[in-house]
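Engineer: What follows is a structure written as structure tokens; I'll ask about it next.
The values are calculated or read from the model by the stated rules, or taken from the named source; none is laboratory data. Computed from a predicted structure; not experimentally measured. As a convention, Cβ positions derive from the backbone with ideal geometry for all residues, glycine included, and neighbour counts pool all protein chains shown.
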Amino acid sequence: MFKLLLLLCLIWGFNFVVMKTANQYFSPEIFVAYRFTLGAAVLLLFAFIKKLPPPPKKFWGWIFITGFFQIALGASIVQYCFKFLDAGLVSVLNYTMPVWVTILAYFFLREPLTKKKIFGITISILGVAVLMNINLTGKFFAILLALSAALAWAVANVIMKAKLSKCEPITMTTWQMVVGAIFLVIFSALQGDHLVYWTPISVACLLYNAVIASAFAFFLWVYVLEHMQASKASISVLGVPVFGVLGGVVFLGEPLTLSMVVGMLMVLAGIVLVQHS
């Protein structure tokens, strides 16, 4: 199982490099529209082959809402942030999601907020503050946007836990992606900027995102969750932003200063504390 988790972290971590690279060939809104339309098509084909029925009607409203927050809103914001921030920084900010889930779960799911969780949340927020105080002139708003994407992801996760826990996971995610793709296609159609440069690299970026990082990685994640404790699996995927940072340094030549390392480690340490409490 460790090898599968390592593969998953590599796929998702490297994807931050791929998504930033994609911004050279696509406008952000058109890329995410293409990405999730193709990803939804792959998942629908799998559902058709496996003869998986659509979700029961009682789940459709919540699938609609979570598809909007998790895919249409969250993913499009992340893709936009790559115009201003390094891939490594975006990956760390995006994976503050568990912190926001913990806070939201306290208010909406009545989950206890222990001293250890509070300490973990504090450490993570201080880590984000360190990252914001680094010399990122003109990028403060982009950092807030990246955090809002993590918050949108957290909102979707809390709703799924509260309202969709009895919905079959593969079916749920398939139709969430369909809903998200519809929103993204409509939004991209309303935008004037439709930058697309079709090259072998741009096609590779799109296929990697849609087929490997979305469809395949999801199936891998579901398999891992079925064979180990969810808490342990969640802790393990904290390796994703680590690979995101390293990928940005190795493949994109992004700088890695001591202050950035300290801030990122504080964010990750806080998340580990929250998850272990």
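Engineer: Does Trp175 count as buried (at least 16 other Cβ atoms within 10 Å of the Cβ), within 23 Å of Asn209 (Cα to Cα) and aromatic (Phe, Trp, Tyr)?
Structural biologist: Answer is yes for this residue.
Engineer: Any idea which of Leu113, Leu93, Leu131 is outside any helix (DSSP H, G or I), of a type in the set (A, V, I, L, M, F, W, C) and more than 26 Å from Val42 (Cα to Cα)?
Structural biologist: Just a single option satisfies the conditions, and that option is Leu113.
Engineer: If you go through segment 24-55, how many residues are polar (S, T, N, Q) and within 18 Å of Ala72 (Cβ to Cβ)?
Structural biologist: The total comes to 2.
Engineer: Looking at segment 178-190, can you tell me whether even one residue there is within 28 Å of Ile30 (Cβ to Cβ), among the small types (Gly, Ala, Ser), touching a helix residue (DSSP H, G or I) at 6+ places or on another chain (Cβ under 7 Å) and free of Cβ contacts under 8 Å to residues at least 60 places away in the same chain?
Structural biologist: Within segment 178-190, not a single residue is within 28 Å of Ile30 (Cβ to Cβ), among the small types (Gly, Ala, Ser), touching a helix residue (DSSP H, G or I) at 6+ places or on another chain (Cβ under 7 Å) and free of Cβ contacts under 8 Å to residues at least 60 places away in the same chain.
Engineer: For Lys58, all conditions in the list (1) out of contact with any Cys (no Cβ under 7 Å at 6 or more places or on another chain); (2) touching a residue at least 40 places away in the same chain (Cβ under 8 Å); (3) assigned to a helix (DSSP H, G or I) hold save one; what is the number of the exception?
Structural biologist: (2)
Engineer: Just checking, does segment 80-96 include any residue being farther than 26 Å from Val250 by Cβ, touching a residue at least 24 places away in the same chain (Cβ under 8 Å) and buried (at least 20 other Cβ atoms within 10 Å of the Cβ)? Break it down into steps so the answer makes sense when it comes.
Structural biologist: Just the residues of segment 80-96 that are farther than 26 Å from Val250 by Cβ, to begin with: none.
The answer is no, given that none of the residues of segment 80-96 is farther than 26 Å from Val250 by Cβ, touching a residue at least 24 places away in the same chain (Cβ under 8 Å) and buried (at least 20 other Cβ atoms within 10 Å of the Cβ).
Engineer: Any residue that is out of contact with any strand residue (DSSP E or B) (no Cβ under 7 Å at 6 or more places or on another chain) and modelled with pLDDT under 80 - is there at least one of those in segment 193-209?
Structural biologist: Yes.
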